[in-house]
Each structure stands twice: as structure tokens, then as C-alpha cells.
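Computed from the coordinates by the stated procedures, all read-outs in this text should not be read as laboratory data. Computed from a prediction, not measured in an experiment: that's the story for all the values here. So basically every Cβ, Gly included, is an ideal-geometry build from the backbone, and we count neighbours across all protein chains shown.
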Amino acid sequence: MFKEVKSNIYWVGSIDWNRRLFDELIPLPHGTSYNSYIIKGSEKTALIDTVDPTRKTDLVDNLDKLNVNHINYLVVNHAEQDHSGSIPAILELFPETQIVTDGKCKELLMSLLRSPEERFKVIKDHEVLSLGDKTLEFIFAPWVHWPETMLTYAREDRILFSCDLFGSHLATSTIMGADERTLYFEAKRYYAEIMMPYRTLIKSYIEKLDTLKIDIIAPGHGPLHIPTGFILNAYKDWVSEEIRNTVVIPYVSMHGSTEKMVEFLAEALTKRNIDVHLFSMTKTDIGDFAMALVDTATVVFGTPTVLYGAHPQIIYAAYVANLLKPKVKFASIIGSYGWGGKTIDQITGMFTRIKPELLAPVLVKGFPDDAAFKSLEQLADNILEKHKESGIVA
Ligand code: FEO
């Protein structure tokens, strides 16, 4: 299946309906797509990115159906294998094809795929490439999310080929544009899992993109964005400094004590008109947890004590939160222990990339008693006060 994007520009990618895990890490509850695009200029033809190597037959079939028998340029915006993995197949089928990319990407492709050096045409930032009646401009955008990433802008057609940036892991037959409600959640999940650590850089790239006229954003995963205002505004919100009056509580409870504390705190916060998101970390989809971190003001880790410290799933939650670098400003820890432990040091010691202010933890010996519930009320008061001081509550 191929789809026309604009005159002589086609989506020739692959929809992977059944993939459920990416990078052996990221859940894909709704599959994904690997988007590749062919641009037939009046003089030259360019392919923008390829597809995951497991789906190369789809790409080759689509090119065949469009009678593509010559590709001058294979533009590579990103070296990760879900986009680059079918490069060897394309180079073999089209011996005349040159890989067009930046120097860093060339280096990565030569090591990851052993791509032959003589097939590369290395371009500079903002260099242009003429296909005759169509012109491609290459805009370097390192670290979204690898060091070599770039964007390709088709000037006359006003299309931005953005690879991972603005993407979503969503398998859908409506690749030319899904409904905004669905797309919002899938794009936010994708941003949270993959782009959030590079928030500041992305903000600067979006400011640069505002100087271009872009009618279509054609990402490397999920539906295209036509028009572009919806996704650009969503990204502007996510990368902004704005945080919400929300507390995210990842927790595990082995015998019910921590769960009782979590439920009590959740109710106390709700009474104070603070939104609460609970994630039982032995059951939750880590993508949902990541998405909740995007603009939350506060995270409270709820953990029982295993041997001498926090439950391994809460260690994992703290590790993920630190890795993804959300805007979170405040953190706390609640939970139960039997005979002591190093829970607080363990969790706070993991905050190397984020610097939330630690609000007084509430750790209780055994099942929570009246004094514990009083401390949880105080924690809820403390959170509300901090949210007020931060200007997110009137
Ligand atoms: Fe879709 Fe970073 O690859």
C-alpha cells in the first residue's frame, strides 16, 4: 500500500500492527508504522528514510507498485535501525543510489550497518539538494533523539520530513491524518518516552521551524500532521516550563500497608483539588507513567521495604523518572518498613538529572496508624502549599 502525500510525493512505508515492544523497552499498545517517502522530482528521485529491516518487503513492494526503477538519493534523517535497517536492501536494489546525510550519521551507519563509504554524499547544515522542480533543504537537529538527527524540508511542497520528532507509535490505516484526540495521546506518549530528555533543544528547534512555511509534517512513525498547528502547539506546551497541579504516585505494595497510605494520600490530595495519577508499578504500562510525568508538578514514590530498601519496581520508576528528565519540581516518598532500611537515600540518590525539592517523606513501621495518617495529611498540605508558591494553584 502506498499513499499520495502531494503531487509526485508518496508515503511508501510499512504499518506494523502487531509490534508490542520497541527497543525491548517501550510498550507499543497500538503498534507502530515506519514511514518512508519517495519524492519524484523532474530530474532526480529521492527516498526519505527506509523502514525497519523486518518490513523491508513492504517498502520494496511499494516502490515497485509506483514503478520506481531509479533512486538517485536516499536521504537518511536518523541512523536508528527502525528507519535505516533497510538501507542495505535499497543499496543493493539500486546500485546508483547515494546516501545523503550528515557526517555524524555517516559515521554511525558505517559502524551500525557497515554501509560502504563510497555510497555517501555528506551534506552540511542548511545545504540544499535539487531534484529539478523540487528542492530539499537539510536542517540539522542533533539529539532528537540521537546525536546525528536531522530534518528534511521540501521547499516547494512545504513538507517537513521530521523522522522521530513529532512521531507517534500508532498503527493506523489513516496514515494521512488520524483524529486529533487519538493522536494527542499517542504523540504525547511518544514524546514522553523518547523526546522528553531533550526538551530544551526541541524548544529551540521549534522556534527555528516557526520561520519556515510548513503545510505538512511527515514524521517517521504514525500519521502525518496536516495541518501542522495541532502537533506544534502540543509540543510547545510539552516543552514549555508550564507544570500542572498534579501528583503522580508510582507505587508497589506487598501486604497492603503502602497501598493504604497511597490511597489515603490520594484522597487527601483530591480533597485539596489536586489531580492524582496512581500507577501500580507491577501492573502499569511504563509509557502511561512516562506520559503522566510530562507536566506533573510532583511525584510521590510509594514503596514497601525489600531487604534493606525500596522495592525494585520503585527503584525502576525512580530510574525512569530521572532518565526522562521531566519538569517535576517536588518529590516525596511514602511507605512501610519492618525493621529499617535505606529507602530514602536509595531513591533520592538516583536523582542525578532531575533536582526536585524533597518534601518530608512519610515512612511507617508496619501498618499505618493515626500518626501516619496525620503525617500524610501534612504531606498533602505541604504539596498544596508548594503548588501555590509555584503559581500553579491560585
Ligand atoms: Fe524511530 Fe530513533 O528511531
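For the cross-link pairs Lys56/Lys124; Lys271/Lys327; Lys40/Lys65; Lys208/Lys327, which exceed 18 Å when the distance is taken from alpha carbon to alpha carbon? Walk me through the numbers before you get to the answer.
Working: Lys56/Lys124 29 Å; Lys271/Lys327 24 Å; Lys40/Lys65 14 Å; Lys208/Lys327 22 Å.
Listed pairs above 18 Å: Lys56/Lys124; Lys271/Lys327; Lys208/Lys327.
Compute the Rg to Rh ratio over the stretch 50-127 from the alpha carbon atoms, using the Kirkwood formula for Rh, and round to two decimal places.
Details: Rg = 12.1 Å, Rh = 12.7 Å.
In the stretch 50-127, Rg relative to Rh is 0.95.
Leaving out same-chain residues fewer than 8 places away, which aspartates and glutamates sit with a Cα under 18 Å from that of Lys325?
Partners found: Glu193, Asp237, Glu241, Glu242, Asp288, Asp295, Glu357.
Could you size up the charge dipole of the stretch 184-242 around its Cα centre, putting +1 on the beta carbon of Lys and Arg and -1 on that of Asp and Glu, and report it in debye to the nearest 20? Don't skip to the answer; put the middle values down first.
On the way: 7 positive and 8 negative charges, 21 e Å.
Here the size comes out at about 100 debye.
With a cut-off of at most 11 other beta carbons within 10 Å, and DSSP calling the residue loop, which GluC sites (Glu not before Pro) in the stretch 1-44 qualify? Please list them.
Those satisfying the criteria are Glu24, Glu43.
Two decimals, Cα atoms only, Kirkwood Rh: what is Rg/Rh over the stretch 244-385?
Details: Rg = 13.5 Å, Rh = 14.6 Å.
Using only Cα positions, Rg/Rh for the stretch 244-385 is 0.92.
What value, in deg cm²/dmol to 500, does the helix sum -39500 (n - 2.57) over DSSP H runs of n ≥ 4 give at 222 nm once divided by the residues of the chain?
-9500 deg cm²/dmol
What net charge do the residues around Pro219 carry, taking every other residue with its C-beta under 12 Å from that of Pro219, with Lys and Arg at +1 and Asp and Glu at -1?
Values: positive: none; negative: Asp49, Asp164, Glu186.
Net of charged neighbours comes to -3.
Report, in listed order, any pair from Lys260/Lys283; Lys342/Lys386; Lys283/Lys355 with a Cα-Cα distance greater than 20 Å.
Working: Lys260/Lys283 17 Å; Lys342/Lys386 26 Å; Lys283/Lys355 27 Å.
Correct reply: Lys342/Lys386; Lys283/Lys355.
Using Stokes-Einstein with the Kirkwood hydrodynamic radius over Cα pairs, what translational diffusion coefficient do you get for the stretch 1-154 at 10 °C and a viscosity of 1.306 mPa s, in µm²/s rounded to a whole number? Provide the component values of the computation, followed by the final result.
Values: Rh = 15.6 Å.
In µm²/s, the coefficient is 101.
What per residue convex hull volume, in Å³, comes out for the stretch 102-146 when only alpha-carbon positions are used? Numbers along the way, then the final one.
Numbers: hull volume 3.9 nm³, N = 45.
Roughly 87 Å³ of hull volume per residue.
Using the reciprocal of the averaged 1/r over all distinct C-alpha pairs, how large is the Kirkwood radius of the chain in Å?
Taking every pair of different Cα atoms in the chain, averaging 1/r and inverting gives 22.6 Å.
As a test of the definition: which semi-axes, in Å, follow for the stretch 130-274 when you take the square root of five times each eigenvalue of its alpha carbon gyration tensor? Largest first, please. Provide the component values of the computation, followed by the final result.
On the way: eigenvalues 286, 50, 40 Å².
Equivalent ellipsoid semi-axes, largest first: 38, 16, 14 Å.
Calculate how steeply helix 103-112 sits against the longest principal axis of the alpha-carbon atoms of the chain, using the helix alpha-carbon long axis, and give the answer as 0 to 90 degrees to the nearest 10.
80
Within the stretch 264-370, what percent of beta bridges assigned by DSSP are antiparallel, to the nearest 5?
Working: 2 of 14 bridges.
In the stretch 264-370, approximately 15 percent of DSSP beta bridges are antiparallel ones.
For the stretch 3-239, what proportion of DSSP beta bridges, expressed in % and rounded to the nearest 5, is antiparallel? Don't skip to the answer; put the middle values down first.
Details: 27 of 40 bridges.
For the stretch 3-239, the DSSP antiparallel bridge percentage is about 70.
Taking the mean number of other Cβ atoms within 10 Å as a proxy for protection, how do you rank 186-198, 369-381, 134-146 from highest to lowest? Mind showing how you got there, number by number?
Details: 186-198: 23.0, 369-381: 16.0, 134-146: 19.4.
The most tightly packed comes first, giving 186-198, 134-146, 369-381.
Place a +1 charge on the Cβ of each Lys and Arg in the chain and a -1 charge on the Cβ of each Asp and Glu, then give the dipole magnitude about the Cα centre in debye, rounded to the nearest 20.
Working: 41 positive and 51 negative charges, 91 e Å.
Dipole magnitude for the chain comes out near 440 debye.
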